Every structure is written in structure tokens, then in C-alpha cells.
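> A single structure is presented below for examination.
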Amino acid sequence: MTYYLDLGAQRVQDWILATPKLDHLRGASNALAVATSIEPLTAWLATAGLSGVEVAPDGGDVDGVVVLTCPDARAAAAASESLIRHLGTELPRVQWAGWWTEADTYLAAYAKAESGAGGVHRVSAFPDLNDVPIIEQCDECGQEPRPGRDCRVRVKNAKPPEHLLFSVPGDWPADFNDLSARGGLGAASNGKDEALGRRDSRNHLALIKADGNKIGQVFATIADHAAALPSLGANAVADLNDATEVAVEQAARHVLVTDPDAPVKGALPHYVG
């Protein structure tokens with residue numbers, strides 16, 4: 001039987017919103033997506049010296065969540081410690097929590113962990129506390145020593161996501177000001193352009209998320225019927241993530257319905273999936 005290790009970012013919204021700068025918010029979202037995606041994790045595992053540990057094929061590719069398979073309990077414990085150190089370097093101020101346990105599939109492991117069953121080992125990690133005089137604090141966020149490692153990660157990743165909205169027409173807006181000024185919603189019914197700019201525009205930031213508890217119930221139900229629904233069980237997490245990304249793309253396209261020739265894309269996605 002396989003051991004599954006699940007480690008997820010905690011208090012994500014608090015961390016992303018630690019700074020008011022939009023490019024830093026976008027940078028945090030993108031950094032989280034990149035650090036926990038399959039390709040860089042696979043590259044890290046190739047050099048981490050964790051024999052038999054791999055990215056779980058049925059764990060999906062969800063932003064802020066890492067799912068690994070391990071051959072035994074010792075490997076799972078070692079992988080959890082090594083993964084926490086690695087993510088602490090990539091994302092210095094993110095809090096992590098997760099578990100590892102033995103199961104036939106990821107959904108079975110997930111259901112086991114959610115139900116509080118025995119044999120589930122919990123792990124957690126908190127970012128280092130800052131103990132520095134205020135005159136040495138980071139100019140950008142005021143929460144780190146200067147220059148702040150977390151802010152450097154945000155700035156480095158302050159770019160549009162590489163895996164979303166490729167087929168939506170228009171260039172990427174440089175920031176929210178650019179989106180407000182050049183995106184808009186097209187011409188109004190009276191023939192005049194819609195109001196643009198941050199004060200009068202009809203552009204908004206939106207947060208849409210799946211209810212975690214209800215999603216857990218869905219996964220648990222699928223796991224209970226894994227024998228009858230092997231394909232659904234193997235692809236449930238990936239299917240949920242794909243559906244989320246497709247919905248974001250459809251929403252961005254809908255914004256452009258009245259102005260298909262808009263110079264910039266109709267949305268600037270942050271934390272997706």
C-alpha cells in the first residue's frame with residue numbers, strides 16, 4: 001500500500017493581503033502556484049534524495065497544495081520534513097499544515113484524514129518570527145527585516161500566470177490601473193464609452209471559491225464508491241481544478257462580449273484552483 005503526504009498552505013488570504021500593492025498581491029499568488037505545481041516539484045524531488053517519493057498522480061495540480069506518494073512511513077516522515085524546508089525557502093512567510101497516512105488512493109487518504117481516523121500523522125510549520133527594530137523593517141510590507149525575503153519573492157513573481165487565459169484575446173494588463181483604463185466593458189447603450197478609471201469604472205476584484213467542507217463531502221462520497229467509480233476517483237481532484245480554471249476563462253471571455261477587440265484581457269486572475 002502507498003503512503004500519501006498532503007501539505008497545504010494555510011491562511012492564504014491573510015498572507016496574500018499582507019501588502020496593499022497589487023503587483024505584490026499578484027506576485028504572491030503566482031509564487032504560490034509555481035512553488036506547488038507539478039513540474040518544479042518533480043525537479044526538486046530529483047535532487048532531494050528522497051528515494052521512492054513522487055508527486056501523486058491522482059493528487060491533481062492545485063495551487064497551494066502538494067500531494068506526494070511515499071513507499072513507507074519512514075519515507076513519508078522524511079519527505080514531510082524535507083518538503084517543509086523546501087517550501088519555507090520558496091515561500092518564506094507561508095504557514096503550512098497537512099498529514100500523511102497509508103491508503104490505496106489519494107481520495108481514500110483524504111477521507112481518512114478528514115474523518116479523524118487513526119493512523120493519520122499530522123504535520124505543520126510556521127514562518128519564522130521577526131525580531132528586529134522597526135527602523136530595519138522592510139519598506140514594502142513593514143513585517144520583515146529589510147530587505148524582506150517574502151517581498152523579494154513577490155516582486156520576482158509579479159507577472160501574469162503562465163497557465164491561464166492564453167486563449168482570451170488581448171494583452172495582459174500591467175496592473176489593475178491598466179485593466180481599469182483599457183479593459184472596461186465596452187460601449188454603453190447611449191453610444192458613449194463606459195466610465196474608466198478606478199473611481200468610476202465598472203471593473204471589480206472578485207473572489208469565488210468552492211466550499212471546503214462540501215468539497216470534502218464530495219471527495220469522501222467518491223472514495224466510498226471507489227470500486228464502482230475508479231476513473232472518477234482517480235481524476236476527481238484534477239477535474240475540480242480544471243473546472244475552476246475553465247470557469248475563470250469563461251468569465252474573462254464574458255467580460256469581453258461587448259468589446260471583443262479590447263486591448264487587454266478582461267480579467268487578471270490571482271489565486272485559481
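The values are calculated or read from the model by the stated rules, or taken from the named source; none is laboratory data. Just so it is clear, the model here is predicted, and its values are computed rather than measured. Note that each Cβ is placed from the backbone with ideal geometry, even for glycine, and that neighbours are counted across all protein chains shown. Protein only, heavy atoms only, side chains kept; ligands, DNA and RNA dropped before computing areas. Shrake-Rupley method; radii C 1.70, N 1.55, O 1.52, S 1.80 Å.
> Could you give the size of the charge dipole of segment 27-119 about its Cα centre, using +1 on the Cβ of each K and R and -1 on the Cβ of each D and E, expressed in debye and rounded to the nearest 20?
Values: 4 positive and 11 negative charges, 66 e Å.
Approximately 320 debye in magnitude.
> Let me ask something else. Can you give me the three principal axis dimensions of segment 1-101 from its C-alpha atoms, in Å, biggest first?
46, 23, 22
> Give me the accessible area of F166, 1.4 Å probe, in Å² rounded to the nearest 10.
About 150 Å², rounded to the nearest 10.
> What accessible area, in Å² to the nearest ten, does a 1.4 Å probe give for R26?
Estimated to the nearest 10 Å², R26 gives 10 Å².
> Take A251 and A220, extend 7 Å from each Cα along the Cα→Cβ direction, and tell me the distance between the two endpoints in nm.
Distance between the two pseudo-spin positions: 2.8 nm.
> Provide the gained length on full extension for the span Q95 to E39, in nm with one decimal, where the gain is 0.36 nm per separating residue minus the Cα-Cα distance.
Numbers: separation 56, 0.36 × 56 = 20.16 nm, distance 2.20 nm.
Taking 0.36 nm per residue and subtracting the Cα distance, the gain is 18.0 nm.
> In whole Hz, what ³J(HN,Hα) sequence does segment 42-56 give by Karplus (6.51, -1.76, 1.60; θ = phi - 60°), x for Gly and Pro?
Whole-Hz 3J(HN,Hα) from phi for segment 42-56: 5, 5, 5, 4, 5, 10, 7, x, 9, 4, x, 8, 9, 5, 5.
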